[in-house]
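Coordinate-derived values only; no laboratory data. A quick note: this is a predicted structure, and the numbers were derived from the prediction, not measured. All Cβ positions, glycine included, derive from the backbone under ideal geometry; neighbour counts span all protein chains shown.
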Amino acid sequence: MQIIQTNKAPKAIGPYVQARIANGFLFASGQVPLDPETGEVVGVTIEEQTAQVIKNISAILVEANITADHIVKTTCFLKNMDDFVAFNGVYSTLFNEGLPARSAVEVARLPKDVLIEIEIIASMSPE
């Protein structure tokens, strides 16, 4: 197993790693809209926060030498399901033609009271 760590995504704020490769898959911890340099929350709207989460996920993918096309599953945690349409508008910019499977759920609270958290599972080999 290999640990993926990059300074271009936020450091873990607990006892976990940014991502880990096991059995040909990358399992990334949930990413929230934190600035990797300051550790501060970026944005106040769902669009701004989702854009930062996508930047953080993309940095992890680059470190693992894969692209968003390798993502096979995402789990998206939203503070408010009323943000679903606006979230989708930004979320969709991460992908080209190959969309992953996805779950999206509303949750009572997220770390640092952010509006969004996304975790991914990606295949390390091309389809």
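Globularity index of the chain is 0.98 (Cα radius of gyration / 2.2 N^0.38 Å, N = number of residues). The packing ranking, built from the mean of other Cβ atoms within 10 Å per residue, places the peptides 55-66, 9-20 in the order 55-66, 9-20, highest first.
Taking 20 °C and 1.002 mPa s as the conditions, I'd like the Stokes-Einstein D for the stretch 67-127 in µm²/s, using the Kirkwood hydrodynamic radius from alpha carbon pairs.
Values: Rh = 12.4 Å.
Taking Rh from Cα pairs, D becomes 173 µm²/s.
When the listed pairs 11/112; 11/55; 8/79; 73/112 are checked against a 19 Å cut-off, the alpha-carbon distance exceeds it for 8/79; 73/112.
What the phi angles of the stretch 18-25 give under the Karplus curve with 6.51, -1.76 and 1.60, with θ = phi - 60°, is a coupling list of 4, 7, 9, 9, 8, 6, x, 10 Hz, glycine and proline written as x.
By the Cα gyration tensor, the stretch 1-57 has an equivalent ellipsoid whose semi-axes, rounded to whole angstrom, run 22, 12, 8 from largest to smallest. Dipole of the chain computed with +1 at Lys/Arg Cβ and -1 at Asp/Glu Cβ about the Cα centre; of 91, 64, 114, farthest Cα towards the positive end is 64. In this structure, the amide hydrogen of residue 26, modeled 1.01 Å from its nitrogen in the peptide plane, lies closer than 5 angstrom to those of 122, 123, 124, counting only residues at least 5 positions away or on a different chain.
Its Cα centre serving as origin, the stretch 1-126 has a Cβ charge dipole (Lys and Arg +1, Asp and Glu -1) of approximately 400 debye.
In whole percent, what relative contact order does the chain give with Cα contacts below 8 Å and a gap of six or more residues? Intermediate values should be presented prior to the final figure.
Values: 246 pairs, mean separation 40.2, N = 127.
Normalised by residue count, the contact order of the chain is 32 percent.
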